[in-house]
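The values are calculated or read from the model by the stated rules, or taken from the named source; none is laboratory data. The structure presented is a predicted model; accordingly, all values stated were derived computationally and were not measured. Here the Cβ positions follow ideal geometry from the backbone for every residue, glycine too, while neighbour counts run over all protein chains shown. For accessibility, only protein heavy atoms count, side chains too; no ligands or nucleic acids. Shrake-Rupley method; radii C 1.70, N 1.55, O 1.52, S 1.80 Å.
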Amino acid sequence: MRITEATLTPLRLTLARPLKTARGTYATRDGFIVRLRDEEGRVGQGEAMPLPEFGTESLATTHQVLRGWLDALQGQSLDDSIEGIEATLVPSPSDMLRPLGAKIRSGDPEEHAPAAQHGLELALLDLLAQRKGVPLCWLLAEEARPEVLVNALLGAEDPKALAQEARDAVAEGFQTLKVKVSGRPLDADEARVKAVRDAVGPRVRLRLDANGGWTEPEANRALDRLGWYELELVEQPTPPEDLQALWRVPRRAPCIIAADETLANPAAVRALLTMDLGGGPVVGAVVIKPMVLGGLLPSMVVALRAARLGMHAYVTSSIDGVVARAGATHLASALPSGELASGLAVGRLFADEPLDHPYRPEHGLLRLRDVPGLGLTPELLGVP
């Protein structure tokens, strides 16, 4: 394929209500839409929405790197293959498990820019899938599932409001709910978790996300108390850089412990997926954020390696827009297992979410259409 036009469009998303996590409170999100046009007029789209607090580069670096990449791609011919895309991107997916040293091709040679890489890779994959006439997920796995189970993220602070939010989500068909914890007194977290469990009953799956906000002793105390509420799993209870704590905490936890922010560091990814601490995998699950890992291809490498080690894997958004969530949905459909719900039903968080697009959840599921690529158009997204 020959790239006849490569454009970069700023994208700002406004949250309907500020989202509080242990790493910060977010009211808006800024990034870019990448568009690549081929010689036959097809347009592949990608999204770069950096989140530095979770391990990506800054917005300025994202712009610099993408601008250099797109200028270099203009008029270039690429192989119509996954290998052709991999050759365009550095590091390649296999570099996720290699020693540090592989860097991106443009911009600062020492800069790690996963959001920029994600945006370009997704646009290339969308374009390639369109050229082959298949949904993007088929490029990742021939046995990709047509439906993806998703959870509802609850955002209210007040326990009563949170309980009502939980009831509303279950009424819409969600069977897995997620609540942010840490960054507040444990008594307050327990009141919120109890309110949700009391509101929805024992059959609905309830997961918590601490965003690395507890020390190891705090995590143990929190899990001892919150574990009474029949938790499905807890994401990143301890600081991302403390792999020993991440190994010790699950040994006494009442539920699955999932690594999330730890995966933002390529060296930590390699350690998590290769270290032998005795007695099985380090954690029970890994949370795959394509924007943080640098795209769908490196994310697939991590998920497959985790599966071989006996870990679950599921996909979550990094508070991204529709294009990024569409790519993440195709990735989730291609994972080895779809048992755990993915965190991709976050459109409700945005005040300016497009009213009608094919990646809106229905009854707790995202259903993939049998159309080439992502099946998105700029007009559908309401962007220029």
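Just a yes or no: is a residue in segment 134-149 surrounded by fewer than 21 Cβ atoms within 10 Å (Cβ to Cβ) and more than 20 Å from Ala328 (Cβ to Cβ)?
Looking for residues that are surrounded by fewer than 21 Cβ atoms within 10 Å (Cβ to Cβ) and more than 20 Å from Ala328 (Cβ to Cβ), one finds none in segment 134-149, hence no.
Of everything in segment 300-338, what is among the hydroxyl-bearing types (Ser, Thr, Tyr) and open to solvent by 10 Å² or more (accessible area, probe 1.4 Å)? Give them in sequence order.
Listed by number, the residues that qualify are Ser317, Ser337.
Name every residue in segment 24-51 that is on the phi < 0 side of the Ramachandran plot and exposed (fewer than 15 other Cβ atoms within 10 Å of the Cβ), in order of residue number.
Thr25, Ala27, Thr28, Asp30, Glu39, Glu40
Restricting attention to helices (runs of 4 or more DSSP H) lying wholly within segment 206-299, give those where 3 or more residues are open to solvent by 10 Å² or more (accessible area, probe 1.4 Å).
216-226, 243-248, 266-274
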